[in-house]
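This report refers to the structure that appears directly beneath it.
The values are calculated or read from the model by the stated rules, or taken from the named source; none is laboratory data. These numbers come from a predicted model, not from an experiment. Cβ coordinates were reconstructed from backbone atoms using ideal geometry, including for glycine residues, and neighbour counts include every protein chain displayed.
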Amino acid sequence: MRPARKVEAVGGLVPRPSARVVLIDDDDRLLLFSSRNQRDGTLRWYTPGGGLQPGENHRDAALRELREETGLTDVALGSEV
C-alpha cells in the first residue's frame with residue numbers, strides 16, 4: 001500500500017491529475033459509461049479513465065484505467081485531445 005500524500009487545495013479545490021480515453025471503434029461508436037446522481041436523479045455520461053497514481057504518466061494511466069474498466073489491453077492510443 002502506498003503512503004498517503006499531502007495535497008494542498010487551491011481556492012478550495014484539490015487538484016487531481018487524471019487521464020481519460022475517447023475510445024472509438026471501427027464502426028465509429030464511442031464508448032461512454034453512465035451513472036445516476038443520487039440527489040437529483042440526473043444521468044451523467046463519461047469516458048473511461050481516472051486519476052494518475054504517484055509516478056505514473058498520463059499515457060500509462062490511460063492504458064491502465066482502460067484495462068481496469070473494460071478489460072481491453074491491445075489498444076493503440078492516438079494523439080491527445
### Task
Identify all residues within the range 25-36 that are exposed (fewer than 11 other Cβ atoms within 10 Å of the Cβ) and at pLDDT 95 or above; write none if there are none.
ASP27, ASP28, ARG29, LEU30, SER34, SER35, ARG36
### Message
Between a residue in the range 11-30 that is farther than 16 Å from LEU66 by Cα and any residue that is outside any loop (DSSP other than H, G, I, E, B), which pairs come within a Cβ distance under 6 Å, given they are 6 or more apart or on different chains?
### Response
ARG16/GLY51
### Query
How many residues are surrounded by 14 or more Cβ atoms within 10 Å (Cβ to Cβ) and either basic (Lys, Arg) or over 20 Å from PRO15 (Cβ atoms) (or both) when one looks only at the range 42-66?
4
## Note on the structure
Picked from the range 34-65 (must be without any contact (Cβ under 8 Å) to a residue 12 or more places away in the chain and in a helix (DSSP H, G or I)), the residue nearest to the chain's Cα centre (by Cα) is ARG64
